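A.B. asks: I have a structure I would like to understand better, so I am pasting it below and will then ask my questions one at a time.
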């Protein structure tokens, strides 16, 4: 057997995940964002182990983050025989992602406030 280091979240990173979840981010997406924000690049296997996610959960988070254009991937030859490994990293800085989330939440809130104003017209 070979020994391999596994990155795990610190208390501060767990708090960051918690804050993202509290504002409405899916838990697995939040975990992946925090993991990738603190590593230069990682394979899906490293992400799964380090963020305590199962493969299907990681796959769903990757699809969401790719759709937002927040992560990028590249293929690299596997250390063993077989398929190349995919390596993931943030495509934009973490601060920009947080700004995007902030703008989306502001827009969502403004939309709901305009509905409340419209409801007041009926009273």
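Read the figures in this text as sums done on the coordinates, not as results from a lab. Since we're looking at a predicted model, the values are computed, not measured. FYI the Cβ positions are ideal-geometry reconstructions off the backbone, even for glycines, and counts take in every protein chain you see.
A.B. asks: Among 34, 92, 17, determine the one that fluctuates most according to a GNM of the chain built with springs between C-alpha atoms less than 10 Å apart.
C.D. replies: With Cα springs under 10 Å in the chain, the top fluctuation among 34, 92, 17 is at 92.
A.B. asks: Let me ask something else about it. Rounded to the nearest 500, what is the 222 nm mean residue ellipticity of the chain from helices alone, with -39500 (n - 2.57) per DSSP H run of 4+ residues and division by all residues? Could the numbers behind the result be given before it?
C.D. replies: Values: 5 runs with 72 residues, N = 123.
Helix-only estimate at 222 nm: -19000 deg cm²/dmol.
A.B. asks: Can I ask one more? Determine, for 16, 35, the number of other Cβ atoms within 10 Å of each Cβ, and report the residues in order from fewest to most. Present the calculation step by step, with values, prior to reporting the outcome.
C.D. replies: Values: 16 20, 35 26.
Ascending number of Cβ neighbours within 10 Å: 16, 35.
A.B. asks: Which angle between 0 and 90 degrees, to the nearest 10, do you get for helix 11-22 versus the longest principal axis of the chain when only C-alpha atoms count?
C.D. replies: 40
A.B. asks: Angle check, please: helix 27-37 long axis (alpha carbons) against the longest principal axis of the chain (alpha carbons), in degrees 0 to 90, nearest 10.
C.D. replies: In the chain, helix 27-37 runs at an angle near 60 degrees to the longest axis.
A.B. asks: Here's something else I'd like to know. Report, to the nearest 10°, how far helix 55-67 tilts away from the longest principal axis of the Cα atoms in the chain, using its own Cα long axis and a range of 0 to 90°.
C.D. replies: 60
A.B. asks: Can you tell me the order of 41-47, 72-78, 82-88, 26-32 when each peptide is scored by its average per-residue count of other Cβ atoms within 10 angstrom, highest first? Before the final figure, lay out each step's value.
C.D. replies: Values: 41-47: 17.4, 72-78: 11.7, 82-88: 13.7, 26-32: 21.4.
Taking the mean over residues of other Cβ atoms within 10 Å, the ranking is 26-32, 41-47, 82-88, 72-78.
A.B. asks: Taking just the C-alpha trace of the chain, give me its Rg and Dmax in Å.
C.D. replies: Both quantities, over Cα of the chain: 18.2, 72 Å.
A.B. asks: While we're here: Identify which of 62, 23, 101 has the largest mean-square fluctuation in a Gaussian network model of the chain, with springs joining Cα atoms closer than 10 Å.
C.D. replies: Taking springs between Cα atoms under 10 Å, the residue moving most is 23.
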